[in-house]
1. Need one number: nm distance between label points at Asn20 and Glu84, each 7 Å from Cα along Cα→Cβ, rounded to one decimal.
2. Taking 7 Å along the Cα-to-C-beta vector as the label spot, tell me the Lys57-Asn43 distance in nanometres, rounded to one decimal.
3. Taking 0.36 nm per residue of separation and subtracting the Cα-Cα distance, what length does fully extending Leu73 through Gln34 add?
Amino acid sequence: MQRATVLLAAKAPKGNVPPNMAKWWKAYTPFHGQVTRQVSPFNLNQVSSLFHNAPSKLKHKVTDNIFDVAPALVASIAFYSYAEWKHADIAFHHRD
């Protein structure tokens, strides 16, 4: 390992750069599938995109999830109305 370090250090640039910080490889090849670019946070505009088309997003969210939410909503309303009716019925029959 020491001999390899000496050989690599010999290829390091001379001057004010220490050998362990020098660029020893010949060329950089990017990995396949790895993101190598990014967008600056100042260019993203996160908040403005939330409210830009809010009505269409809301309509899309409601229409996509109506078949998942409607049965639970109907069952909850039916249970609540039955409980209110039963409470009123018990209160009516057991009044003083």
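Where a number appears in this text, it was derived from the coordinates with a stated rule and is not lab data. Being a predicted model, the structure only gives us computed values, none of them experimental. Cβ coordinates were reconstructed from backbone atoms using ideal geometry, including for glycine residues, and neighbour counts include every protein chain displayed.
1. Result: 7.4 nm between the two label points.
2. Distance between the two pseudo-spin positions: 2.2 nm.
3. 9.6 nm
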